[in-house]
1. Would you mention how many residues in the stretch 60-89 are over 15 Å from residue 44 (Cα atoms) and in contact (Cβ under 8 Å) with a residue 12 or more places away in the chain?
2. I need the full set of residues from the stretch 63-93 which are under 23 Å from residue 133 (Cα atoms) and within 14 Å of the ligand (Cβ to nearest atom), in order please.
3. Taking residue 123, is it exposed (fewer than 15 other Cβ atoms within 10 Å of the Cβ), away from the ligand (no atom under 16 Å from the Cβ) and not in a strand (DSSP E or B)?
Ligand SMILES: [Cu+2]
């Protein structure tokens, strides 16, 4: 399985890309937090599945021209049985993420999270986050 482990630094310009080479120590002191990035296309999450360690964050970036959501609230799905949350994890919903917008969520409870985009659920806009314990 391909796992996207790009690191990013939120204030990062050129540093918020695949490589951290060229970012000096002073930069780390300012923005030590990292996240795994998932891009939101027209009707897809890319990559569709990411794997992180408990306590890490995922950052969704809407790089499309359509609004999207990151939703794990089963009651809001037309196919609620497909949503997955580990026991003890709180459901979350990003609300509308406009084009160019970003949503970040930290995952503390290990397990498998299967989420969807509310406007594009029927188009198959589903994604998975696997959180290692
Ligand atoms: Cu969408």
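1. The initial filter retains those residues of the stretch 60-89 that are over 15 Å from residue 44 (Cα atoms), namely 72-89.
Narrowing further to those that are in contact (Cβ under 8 Å) with a residue 12 or more places away in the chain: 72-74, 76-79, 82-89.
Within the stretch 60-89, residues that are over 15 Å from residue 44 (Cα atoms) and in contact (Cβ under 8 Å) with a residue 12 or more places away in the chain number 15.
2. Keep residues of the stretch 63-93 that are under 23 Å from residue 133 (Cα atoms), which gives 70-73, 82-93.
The answer is 70, 71, 93.
3. Values: exposed (fewer than 15 other Cβ atoms within 10 Å of the Cβ): yes; away from the ligand (no atom under 16 Å from the Cβ): no; not in a strand (DSSP E or B): yes.
Considered against the rule, which asks whether it is exposed (fewer than 15 other Cβ atoms within 10 Å of the Cβ), away from the ligand (no atom under 16 Å from the Cβ) and not in a strand (DSSP E or B), residue 123 comes out as no.
Quick note: the coordinates plus some simple rules give every number you see, no bench work behind them. Keep in mind the model is a prediction, meaning the values are calculated, not measured. Quick reminder, even Gly has a Cβ in these numbers, built from the backbone with ideal geometry, and neighbours come from all protein chains shown.
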